[in-house]
Amino acid sequence: MTSKDRQLAGSRRPFGAGALTTDQGTPVDDTDNSLRAGARGPTLLEDFHLREKLMRFDHERIPERVVHARGAGAHGYFQVYEPLDEYTTADFLTDPDARTPVFARFSTVQGSRGSSDTARDVRGFAVKFYTRQGNFDLVGNNMPVFFIQDGMKFPDLVHALKPEPHHEMPQASSAHDAFWDFVTLQPETMHHVIWLMSDRALPRSYRMMQGFGVHTFRLVNGHGRSTFVKFHWTPVLGTHSLVFDEAQLISGRDPDFNRRDLWDAIEAGQFPSWELGLQLIPEERAFELDDIDVLDPTKLIPEELVPVTPVGRLTLDRNPDNFFAETEQVAFCVGNVVPGIDFTDDPLLQARLFSYMDTQLTRLGGPNFAQLPINRPLAPVRNHQQDGAHQSAVPVGRANYHPNYLNGTPTGGPGFRSYPEHVEGPKERKRSETFAEHYWQATLFWNSMTSWEQEHIIAAYRYELGKVALPIRVRAVEHLNRIDYDLAVSVARGIGVEEPVKSVDNHGRSSPALSQAHREGVEASPRTRRIAVLVADGADARVLALLRDACTAAGASADLLAPFDGSVTGSDGVPVEVTRAIATTSSVLYDAVVVPSAAADLSVDGAAVHFAAEAYKHGKPVAAFGSGLGVLQRAQIPLTTAEADPALIVEEEFTPEFPQTLLTAVAAHRNFDRDVSAIPA
Ligand code: HDD
């Protein structure tokens, strides 16, 4: 239990037995019938219980976040490995014994609160650290760059991205005219757009995505020396994605897919964890970085130029007690920093410093949002701010001004002091020349992808652009041509646009760490993966138990799915309980599928066959033995390719090695090198 947990405990009001009361604490004897003049007569206005109940219900909703409306949160803690005094005075980064409580919220950007988790989208990755020196909010995304360079363009970007204003469509999708109209007229977006078209926009799990602070921030040490810094979160379980077709199907099958996954993992004690890494750049080196301006948020700093130093670990170990009170009311503000961490002149960051505090006024209804339990710092609050809607503290004393001698004046101590950066310049609305290049890093990203990642990107551009007006498609292809000619040609072919003439040569540089196939330093593990076992009457219960035990021992889980819920009859005549009927679930909710041998022929069950075909199509491990092979054959899975496909496991019969071979394939996530174009799923 962290100190924040203890603080929150004081705000808990359990549901449960005991006398029902009004908000005033008055006991209520009946909450099912309003007060009437006669059983069939009119309702009386004096019914204070009815009025209060309806009033409270009528006002349950607050405005959803203007972006990042849909999310999931969790409590946890952060601990730094070694003191970072050389760079910062921030207490939580200098004391390895300090377990700093955190609340993290992950989100999609475009969709409304009720939309689906698996839309193609950027994901928010926001962490509130309740440090002993006040709250520090690191409000990042799962992609290291942003669409625009200046916060002045944020309302334009978001208007274009969100559903169009006349009919409020489409929901949670960038595949529409307005978005592509805007981005093709604003070339600085091109780098982030290619990330959005990549698998990064479809995380398999919030627990399996990276996070980035995006901007360059500043760390300041005890001698007042400043170091530029970029924050990176690296998931211990590796970075993994869904494929687009699967993500779209999940939107229907389980729109809460990512939220549920986070919740279930924490409930199961499989606490998600990320390593915090820093890219540290001495100020004097800032201009030696391949012409990258560290103040430009549309650019990343390749890890090959500045390595990411691991400095600490974040672990999420407790689900919220109440979604609204915590996940909905948590108010992240980019301006919440602590001594030792400071801002830079990145114009996007500067605009954010205003926007986050401002938006909470509308969202949370007034200036006292920092008093809400989830937002309250652990550090004591002492100032003369007062009044306003929803003041929930009771300030005590006469002197509500500074300085005073009546109550004693809060003293300035070794508090936050802005880094005394020297600035001068004419007032002007102007972009720096060093922000002018927009394609080089998009090319770098493209070059760093494996061939399957490139194929997914091409398919995504084709899908999105295939839904927009022809002149916008043409413009998009022109931009792609400046990123990579082959990319532009492949996309053009798919969307009925004339192939462009080559305009620039690809610079040929790459940054291996940008690929999700780059797994250096990440332990491949099947932990928390979900395996579907399609069972039928006559399955060998002993074999099923061996398989399930092996999965559980490896930290994965195996569900037994059958044509009907209840049980199947094992080969020994004893019923084997199934987890659920195939009809109530789908291959897209699992990481792998196994079809064991059984007396009953599952290959005549279209749902089972489709299940296997679809899993195979999505690159998942598919395994079968004995009569289970019939299901794979019926699914038109080319069994002869098994030798070259580590994720296609086919055996004449169950062997003791079978579970381990399966789990190794699950740990590797998918085999996206398969040719699945002919699979009817
Ligand atoms: Fe933002 C929410 C991340 C640029 C204005 N943003 C929001 C959230 C995340 C981000 C994760 C959800 C926080 C939560 O869970 O409550 N935003 C980013 C990143 C950006 C970025 C990584 C670029 C590097 N944002 C950005 C700009 C502006 C905003 C340039 C405005 C100038 N963002 C907002 C906001 C939101 C928000 C309107 C909506 C709800 C909220 O703040 O609390 O103020």
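Quick notes on this one:
- The heavy atoms of residue 449 offer some 20 square angstrom of accessible surface to a 1.4 angstrom probe.
- Förster radius 35 Å - calculated FRET efficiency between residue 652 and residue 97 (Cβ-Cβ, nearest 0.05): 0.05
- Positive minus negative residues near residue 563 (Lys, Arg vs Asp, Glu; Cβ under 10 Å): -3
- Relative contact order for the chain, counting Cα pairs under 8 Å that sit 6 or more residues apart, in percent: 11
- Net length available on complete extension from residue 499 to residue 643 is 48.0 nm, with 0.36 nm assigned per residue and the Cα-Cα distance removed.
- Amide H within-cut-off set for residue 649, under 5 Å, with H built and near neighbours excluded: 622, 623, 624
- Dipole of the chain, positive direction: furthest Cα of 289, 158, 641, with charges on the beta-carbon: 158
- By DSSP, the beta bridges lying fully in the chain are antiparallel in about 80 percent of cases.
- GluC sites (Glu not before Pro) restricted to DSSP loop in the stretch 7-100 with at most 16 other C-beta within 10 Å: 46, 60, 64, 86
- Leading residue at positive end of dipole, the stretch 78-137 (Cβ point charges), from 84, 111, 131: 111
- In the stretch 552-634, chymotrypsin sites (Phe, Trp or Tyr not before Pro) in a DSSP loop with at most 13 other beta-carbon atoms within 10 Å: 564
- Structural descriptor for the stretch 440-514: relative contact order 42 percent, calculated from alpha carbon pairs under 8 angstrom and at least 6 residues apart.
- A probe of 1.4 angstrom, applied to the heavy atoms of all protein chains, finds residue 552 with accessible area near 90 square angstrom.
- Karplus-derived 3J(HN,Hα), 6.51/-1.76/1.60, for each residue of the stretch 310-321, Hz, glycine and proline x: x, 10, x, 9, 9, 10, 9, 10, 8, 6, x, 6
- Cα-based Rg and Dmax for the chain, where Dmax is the largest Cα-Cα distance (Å): 28.0, 89
- Cα shape, the stretch 24-175, gyration tensor, a/c 1.5 rule: oblate
- Charging the Cβ of each Asp and Glu at -1 and of each Lys and Arg at +1, and nothing else, the dipole of the chain about its Cα centre rounds to 1800 debye.
- Extension gain, residue 354 back to residue 44 (0.36 nm per residue minus Cα-Cα distance, nm): 106.8 nm
- Oblate is the label for the stretch 477-525, because the ratio a/c of its alpha-carbon gyration tensor axes (a ≥ b ≥ c) is 1.5 or higher and a/b is not greater than b/c.
- In the stretch 58-88, the trypsin sites (Lys or Arg not before Pro) that fall in loop regions by DSSP, at most 10 other Cβ within 10 Å: 61
- Cut-off 12 Å, label 7 Å out along Cα→Cβ of residue 564, residues of the stretch 533-548 by amide N: 537
- Per residue, the stretch 118-276 exposes an accessible area of 29 Å² to a 1.4 Å probe, with every protein chain left in place.
- Computed from label points 7 Å out along Cα-Cβ, the spacing between residue 6 and residue 525 is 3.0 nm.
- Solvent-accessible area of residue 59, all protein chains in place: 130 Å² (probe radius 1.4 Å, heavy atoms, ligands and nucleic acids excluded).
- Based on protein heavy atoms only, the stretch 530-667 ends up with 40 Å² per residue of surface accessible to a 1.4 Å probe.
- Under 11 Å, Cβ to Cβ, from residue 8 - net charge with Lys/Arg +1 and Asp/Glu -1: +2
- Equivalent ellipsoid semi-axes - Cα gyration tensor, the stretch 440-514, angstrom: 21, 14, 9
- Shown in residue order for the stretch 653-661 are the 3J(HN,Hα) couplings computed by the Karplus curve 6.51 cos²θ - 1.76 cosθ + 1.60 at θ = phi - 60°: 8, 5, 10, x, 7, 3, x, 5, 4 Hz (x for Gly and Pro).
- For the stretch 577-673, the Cβ-based charge dipole about the Cα centre amounts to some 360 debye (Lys, Arg positive; Asp, Glu negative; other atoms uncharged).
- Gyration tensor verdict on the stretch 608-652 (Cα atoms; rounded if a/c is under 1.5, prolate if a/b is larger than b/c, oblate otherwise): oblate
- The listed residues 293, 673 rank as 673, 293 when sorted by accessible area, largest first, using a 1.4 Å probe.
- MRE, 222 nm, helices only [DSSP H, n ≥ 4, -39500 (n - 2.57), over the chain, to nearest 500]: -7500 deg cm²/dmol
- The alpha carbon centroids of the stretch 109-146 and the stretch 326-395 are separated by 16 Å.
- Model label sites at residue 361 and residue 429, defined 7 Å from Cα along the beta-carbon direction, differ in position by 2.2 nm.
- Inverse of mean 1/r across different Cα pairs in the stretch 71-371, Kirkwood, Å: 19.8
- Estimated FRET transfer efficiency (residue 392, residue 450; beta-carbon r; R0 56 Å; 0.05): 0.55
- Both radii come from the Cα set of the stretch 530-667: Rg as radius of gyration, Rh as Kirkwood radius; their ratio Rg/Rh reads 0.92.
- Placing unit charges on each Cβ (+1 for Lys and Arg, -1 for Asp and Glu) gives the stretch 530-667 a dipole about its Cα centre, and among 600, 554, 539 the Cα reaching farthest toward its positive end belongs to 554.
- Lysines whose Cα lies under 20 Å from that of residue 467, excluding same-chain neighbours fewer than 8 positions away: 162
- Share of alpha-carbon pairs per 10 Å distance bin for the stretch 1-41, given as whole %: 20, 31, 24, 15, 7, 3
- If R0 is taken as 51 Å, the Cβ-Cβ distance between residue 581 and residue 404 corresponds to a FRET efficiency of 0.10.
The values are calculated or read from the model by the stated rules, or taken from the named source; none is laboratory data. Everything quoted here is computed from the prediction, not taken from an experiment. Glycine also receives a Cβ, built like all others from the backbone with ideal geometry; neighbour counts cover every protein chain displayed. Surface accessibility is based on the protein's heavy atoms, side chains included, excluding ligands, DNA and RNA. Shrake-Rupley method; radii C 1.70, N 1.55, O 1.52, S 1.80 Å.
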